[in-house]
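A.B. asks: Structure in structure tokens, see below.
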Amino acid sequence: MSILQFRFAARLSRVPESFLDELFRVSADPAIISFAGGLPCTALIDTEGIARATNAVLEDDAGAALQYTTTDGYLPLREYIAQRYRARLGIAATADEIQIVNGSQQCLDLFAKIFLNPGDTVAMERPGYLGAIEAFSFYEPRISAVRLNDDGLDLTGFAHIISGEHPRFFYGIPNSQNPSGRTYSQDNRKAVAEILAPSDTIFYEDDAFGELFFDAKPRPPIKKYCPDQTVISGSFSKIIAPGMRIGWILAPRDIIQQFNIAKQAADLHSNFFCQKILHRYLTSCDIDARLRTITSVYQRKCRLMCELLDDLLPDLTHTHPEGGMFLMAELPPGLSSRRIFEEGIREHVAVLPGQPFYVDGGGNDTIRMNFSSPTEEQISEGLHRLTRVVRDLQ
Ligand SMILES: Cc1ncc(COP(=O)(O)O)c(C=O)c1O
């Protein structure tokens, strides 16, 4: 055994212990029905269409597609993204305000890297996205949290934090939030923008799920109400294929300039081959038709999960997502989500305990449930198993 004591950086002690390792270990068993993960539905990945696009890119100019490229990303892909923002959401986006990243998860790291000094305040929703908590923690900030209600941010709490704590940025997911599945109402978005306007806090709008509304209608982003103070991140993971690891950030040019420097230092550029494949794919298929297929499947699964929860576990309350991939449930008094997780594994059903989503503690009475990945049969069987677990613990 080595006697060397590795001298890891002190910042590592600020990063929350990941529960995900344990989760992956236990849910690797194929007998377990998992509502704990966060995968899009594998059966809805258009593998044939992506294979055709890949062949076309290789036939066109394989050498160029497999070379190094510039840090900002493939221009036609950035133009496609900008055009879609203009057409779908009425935002005046241009390709030079867009930077391609290695999945939108990378935006969280690079954005925190260019904005946070140790001890600075960053604010987010409560509950908040676990991947953001982990990414921000490496930069040793104080993380403040604002309660997320059914119609969006708690405005009193938000105003209090913006004026009193002066966060460098506020990170939020207005569309089908992870973990809760909640969507900010339009009034809430306007009020958030009004509160933000007199401050110099940036709103970081993570829009991983904005194309996954069950009614296929776009919701106006907060960026629409305060364009200069907002950045948006987006991703092809949930709508095309997460394994490609292609996402983007749309931000004012001054931010893009610094972001680009950080991106170059991190990895030079994102996978150019995949960027070209994606662009070929997006311009040769009917993306809106594909989205309608995905959202109608997710809507059915979500509805089934909600109905079964209401029928089988009426003393458990849950959110009512309008889109996305998750819902959150609150357990009846006296039940702990950790116990539900542990006993669930024995019954071969996995749910995700809520605690890791609460930066300031709490959440032990909540669980996050994913409906995009399991089949309808698995949702039905899994909820019957979960019902037995809850009843045995009551
Ligand atoms: C809210 C949110 N943001 C960002 C990500 C990261 O996704 P990707 O890096 O695949 O774009 C996820 C992944 O689940 C997410 O839920």
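A.B. asks: How would L116, L212 line up from fewest to most surrounding beta-carbon atoms within 10 angstrom?
C.D. replies: Values: L116 20, L212 23.
Ranking L116, L212 by Cβ neighbours within 10 Å, fewest first, gives L116, L212.
A.B. asks: Continuing with this model, one more query. Using Cα-Cα distances under 8 Å and only pairs 6 or more residues apart, what relative contact order does the chain have, in percent?
C.D. replies: Numbers: 722 pairs, mean separation 91.0, N = 394.
Computed over the chain, the figure is 23 percent.
A.B. asks: Taking a quarter of the surface of the convex hull around the Cα atoms of region 1-65, what do you get in nm²? All intermediate terms of the calculation are to be shown ahead of the outcome.
C.D. replies: On the way: hull surface 41.6 nm².
So the mean shadow area of the Cα hull is 10.4 nm².
A.B. asks: Report the net charge of residues surrounding G334, where surrounding means a beta-carbon distance below 11 angstrom and charges are Lys +1, Arg +1, Asp -1, Glu -1. Let's see the in-between values first.
C.D. replies: Values: positive: R339; negative: D315, D365.
In short, -1.
A.B. asks: What is the ratio of the Cα radius of gyration of region 197-306 to 2.2 N^0.38 Å, with N the residue count, to two decimals? Kindly include the intermediate steps, with their values, before the conclusion.
C.D. replies: Working: Rg = 16.5 Å, N = 110, 2.2 N^0.38 = 13.1 Å.
Rg over 2.2 N^0.38 Å, computed on Cα atoms: 1.26.
A.B. asks: Related question: Once you wrap a convex hull around the alpha carbon atoms of region 61-284, what is its projected area averaged over all directions, in nm²?
C.D. replies: Working: hull surface 46.6 nm².
Average of the hull's projected areas for region 61-284 equals 11.7 nm².
A.B. asks: Show the residues, 5+ positions off or on another chain, whose built amide H is closer than 5 Å to the amide H of F169.
C.D. replies: So F169 has HN proximity to A123, I202.
A.B. asks: Would you be so kind as to identify all helices of the chain, as entire DSSP H runs, whose Cα atoms reach 20 Å or more along the helix's own axis and whose mean Kyte-Doolittle hydropathy is at least 0.0? Before the final figure, lay out the partial values.
C.D. replies: Numbers: long enough: 47-65 (23 Å, -0.05); 75-89 (21 Å, -0.65); 253-267 (21 Å, -0.51); 287-312 (37 Å, -0.08); 376-393 (26 Å, -0.66).
Flagged H segments: there are none.
A.B. asks: Among the lysines, which fall within straight-line cross-link reach of K223, defined as a Cα-Cα distance under 30 Å, with same-chain neighbours fewer than 8 residues apart omitted?
C.D. replies: Cα-Cα hits under 30 Å: K113, K190, K238, K263, K276.
A.B. asks: Comparing T295, T94, T366, which has the greatest mean-square fluctuation in the GNM of the chain with Cα pairs linked when under 10 Å apart?
C.D. replies: Most flexible of the set in this elastic network: T94.
A.B. asks: Specify the residue with the greatest mean-square fluctuation among K301, K263, K224, computed from a Gaussian network of the chain linking alpha-carbon atoms under 10 Å apart.
C.D. replies: Looking only at K301, K263, K224, the largest GNM fluctuation is found for K224.
A.B. asks: Most fluctuating residue of T201, T47, T71 in a GNM of the chain with Cα springs under 10 Å: which is it?
C.D. replies: Highest fluctuation of the listed residues: T47.
A.B. asks: Rg (Å, one decimal) plus Dmax (Å, integer) for the alpha carbons of the chain?
C.D. replies: Cα-based Rg and Dmax for the chain come out at 21.2, 63 Å.
A.B. asks: At 222 nm, what value in deg cm²/dmol follows for the chain if DSSP H runs of at least 4 each add -39500 (n - 2.57) and the sum is divided by all its residues, to the nearest 500? Before the final figure, lay out each step's value.
C.D. replies: Numbers: 13 runs with 170 residues, N = 394.
It lands at -13500 deg cm²/dmol.
A.B. asks: What are the ³J(HN,Hα) couplings of region 232-249, residue after residue, when phi is run through the Karplus curve with 6.51, -1.76, 1.60 and θ = phi - 60°? Round to Hz, x for glycine and proline.
C.D. replies: Couplings: 10, 10, x, 8, 8, 4, 7, 10, 10, 6, x, x, 6, 6, 10, x, 7, 10 Hz.
No lab work stands behind these numbers, since they all come straight from the coordinates. Keep in mind that this is a model prediction, so the values were computed, not measured. Reconstructed Cβ throughout: ideal geometry from the backbone, glycine too, with neighbour counts over all protein chains shown.
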